[in-house]
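*Asks:* Take this structure first; my questions come after.
The values are calculated or read from the model by the stated rules, or taken from the named source; none is laboratory data. Quick caveat, the model's predicted, so the values are computed rather than measured. Virtual Cβ from ideal backbone geometry, glycine too; neighbours counted across all protein chains shown. To get the accessible areas, we keep the full protein, side chains included, count just its heavy atoms, and leave off ligands, DNA and RNA. Shrake-Rupley method; radii C 1.70, N 1.55, O 1.52, S 1.80 Å.
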Amino acid sequence: MKISKLPFILVTVLGITLFISYIRWKPSTPVAMEKSLPHLQLEHGRETVPNEILYGIMFDAGSTGTRIHVYKFKKISSDPLHLENEIFKAIKPGLSAYADDPGQCAAGIKELLDIAKEEIPGHLWRSTPLVLKATAGLRLLPGEKAQKLLDTVTDLFQSFPFLVGKDSVSIMNSTDEGIFAWITVNVLTGSITHASEKLSGMLDLGGGSTQITFYPYDKNTFPSAPAGYITNFDLFNNTYHLYSHSYLGLGLMSARLQIMGGEDEKPLQPGDELVTPCITPGFITEFKQAGISYKVNDVTSLYESCYRRVSKMLSGKVSHAKEVSSLFFYAFSDYFDRAEDARLIDPSVGGFIKVADFEMRARKECTAIEKTAGSSSSFLKITIFEDCTYIYEIIMFEDSAYLSKSKKLSYENLLFTSNMFIFD
């Protein structure tokens, strides 16, 4: 089974989030999903019977789309819950596209909820937790607009016969987003449960934000980290001190907008256009981000011009810890999608590529676009050029960094290795 063109790891991250939340819920007093990771522990507050079947519904409300995951768990004796099956469905656009008319998001959410009703036996509806976690798309919106969207979803959730807690619909804390991904990677690879295994880092590139999380082995990383980048939490009776940060506004879609001179949530005035050095002369198009349309024109398509714009846009915004060049990183979401679109990796097996290959591909696409100046260059070619330039700049820790094929993992139904690649 394969999910293409999606941030695969979030499927598992949210499944684990749901699992942790579900087993904390007392059957007599449903409570909200735990918000904070610093005290994360597996507390079995819910009695189960041998071979009990349990379900859970998780909504991932990202900046570019909303996805539902319907999980089927089996409880066998005293063993941990086993994920037997997952039903997945995605719709576009993301919730943030309805910021000015929240009611319009209801049809898509209802469509996804109807899928859950069809999948889950009716007698288990009332005991099945229903949770939505929004990420950067809603974090980028003004607070009032984001809250109206959350309220609309909450009202719709409460009209369905599932278990909805007080805080079942919320915006995920940006730090938690990175930490949950880090937990998932290291649980599924066995690094957390085997003390001899070195813990892996994670890099996630979404539409509105990008995250980095890793366990520092070099003690010099702690005093050199910017304020707020070091976080502590407990898991499986161990305390972990992580370097974790979410760069809001540096996700791929937000980055595209900034490269073109725009800003999230700031529409252009009548007659204004964005200007980008990454589009061939004569090319005019529209770009949509967070529900706003921007008219885009160009000035030049020289690679150096685009690279300088990306560098200037990132200047002072990204902090790179020296230690990352010696660590093992899992990278996913739009990192994979762009590598696939640029034909740098085989989507079915992954592959070995150098970070510098993003620059090489960007230059190649730039040359191809220049040759078609004045004609209808495909927007895909233009975005591959621009995105590869951006990715190369934001993740280039050292020239020796490279992407490698994933090792095979035990939970193949959870971890889709074709939708991931690794920085080492």
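*Asks:* Confirm whether Ala181 is touching a Ser or Thr at 6+ places or on another chain (Cβ under 6 Å) and either free of Cβ contacts under 8 Å to residues at least 60 places away in the same chain or among the small types (Gly, Ala, Ser) (or both). Give the derivation first.
*Replies:* Working: touching a Ser or Thr at 6+ places or on another chain (Cβ under 6 Å): no; either free of Cβ contacts under 8 Å to residues at least 60 places away in the same chain or among the small types (Gly, Ala, Ser) (or both): yes.
It is false that Ala181 is touching a Ser or Thr at 6+ places or on another chain (Cβ under 6 Å) and either free of Cβ contacts under 8 Å to residues at least 60 places away in the same chain or among the small types (Gly, Ala, Ser) (or both).
*Asks:* I'd like the full set of residues that are modelled with pLDDT of 85 or more, open to solvent by 20 Å² or more (accessible area, probe 1.4 Å) and of a type in the set (A, V, I, L, M, F, W, C), limited to the stretch 226-243.
*Replies:* Hits for the stretch 226-243 are Ala227, Ile230.
*Asks:* Further, regarding this structure: If I go through the stretch 300-338 residue by residue, how many of them are at pLDDT 85 or above, hydrophobic (A, V, I, L, M, F, W, C) and under 20 Å from Thr367 (Cα atoms)?
*Replies:* Result for the stretch 300-338: 2.
*Asks:* So which of Ser127, Ser96 is open to solvent by less than 50 Å² (accessible area, probe 1.4 Å), polar (S, T, N, Q) and under 22 Å from the mean Cα position of the chain (by Cα)?
*Replies:* Ser96
*Asks:* Something else: May I ask you to list the residues in the stretch 176-191 that are surrounded by fewer than 21 Cβ atoms within 10 Å (Cβ to Cβ) and out of contact with any Leu (no Cβ under 7 Å at 6 or more places or on another chain)?
*Replies:* Selection gives Val187, Gly190.
*Asks:* Output the number of residues of the stretch 130-147 satisfying the condition of being in a helix (DSSP H, G or I) and open to solvent by 10 Å² or more (accessible area, probe 1.4 Å).
*Replies:* Of the residues in the stretch 130-147, 5 are in a helix (DSSP H, G or I) and open to solvent by 10 Å² or more (accessible area, probe 1.4 Å).
*Asks:* Being out of contact with any strand residue (DSSP E or B) (no Cβ under 7 Å at 6 or more places or on another chain) and closer than 30 Å to Tyr247 by Cβ is the filter; apply it to the stretch 148-161 and report the residue that is most open to solvent (accessible area, probe 1.4 Å).
*Replies:* Lys148
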